[in-house]
C-alpha cells in the first residue's frame with residue numbers, strides 16, 4: 001500500500017503546479033474513465049492518464065485480450081491504479097449499463113460502427129464522450145455529439161511516412177489533457193461539441209463546431 005510520502009513523491013511535479021496542489025491530485029486519484037479501444041491511440045492516452053494519477057479505469061476491449069497489456073502497464077508504472085477489463089461482447093449485450101459506470105468515456109476504437117454504438121449509449125445515459133481516430137498523417141478528436149451528425153472530415157495527406165507514427169501519440173496526449181481538465185472541474189468545464197483535426201505534415205490543429213442534425217437517429221435533433 002502506498003504511503004503518504006510515496007504518494008507525494010510520485011505526484012510532486014503536479015502538486016506544485018499553481019491552482020492544482022494536493023486537492024487537484026486527489027480529484028484525479030478519485031476520478032474514473034471508461035476506455036473503449038486498446039490500440040495505439042488508446043495505449044498512448046492510457047499511459048498519460050495513469051501517469052497523471054487518474055485512479056480507476058474501465059477498459060472495454062475492441063480487440064481480443066489486448067486490454068491485458070494496458071493492465072500490465074498500469075501495474076508496472078503506477079500500482080495504485082485500478083483497472084477493470086470487460087470483454088468486447090459487452091458492445092452487443094449491455095453497453096448502456098457499462099457506459100453508465102463512468103463519468104466520462106473515451107472511444108478510440110478506429111471503428112465507425114463501434115463509435116456509433118458507444119455514442120448512442122452515451123447519449124441515452126447522458127455520459128460525456130470524446131472519440132478519437134486517425135488515418136495516415138491525420139487525426140481527429142470528436143467531442144459529442146455522435147458520429148452521425150459529423151460533417152465529413154478533411155482527409156489526411158495520402159501516403160505512408162514516418163509522420164504516420166506520431167499521430168496516435170499526439171491524439172493520446174490531447175485526450176489526456178482534456179480528460180484531466182474535465183475531471184478536475186467537471187461542473188465549470190463541460191465538454192462542448194466540436195471536431196478538432198490534427199495534420200502531422202504541418203503539426204497544426206484546426207477546430208469546427210458540430211451541429212446536431214434534426215434527422216439524426218441517435219440525437220433526434
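A short reminder: the numbers here are calculations on the coordinates, not readings from a lab. The structure presented is a predicted model; accordingly, all values stated were derived computationally and were not measured. Positions of Cβ are backbone-derived with ideal geometry, glycine not excepted, and every protein chain shown enters the neighbour counts.
Points worth noting:
- Residue 93 versus residue 56: modelled label distance in nm, points set 7 Å from Cα along the beta carbon direction: 2.1
- Sorted by Cβ density within 10 Å, fewest first, the residues 213, 117, 126, 75: 126, 75, 213, 117
- Relative packing of peptides 93-99, 40-46, 198-204, 178-184 - highest average C-beta neighbours within 10 Å first: 40-46, 178-184, 93-99, 198-204
- Projected-area mean, region 1-155, by convex hull of Cα positions, square nanometres: 10.3
- Region 43-98 gives an Rg/Rh value of 0.99, both radii derived from C-alpha positions and Rh following Kirkwood.
- For 15, 59, the sequence from fewest to most other C-beta atoms within 10 Å is 15, 59.
- By other beta-carbon atoms within 10 Å, ranking 81, 130 with the fewest at the front produces 81, 130.
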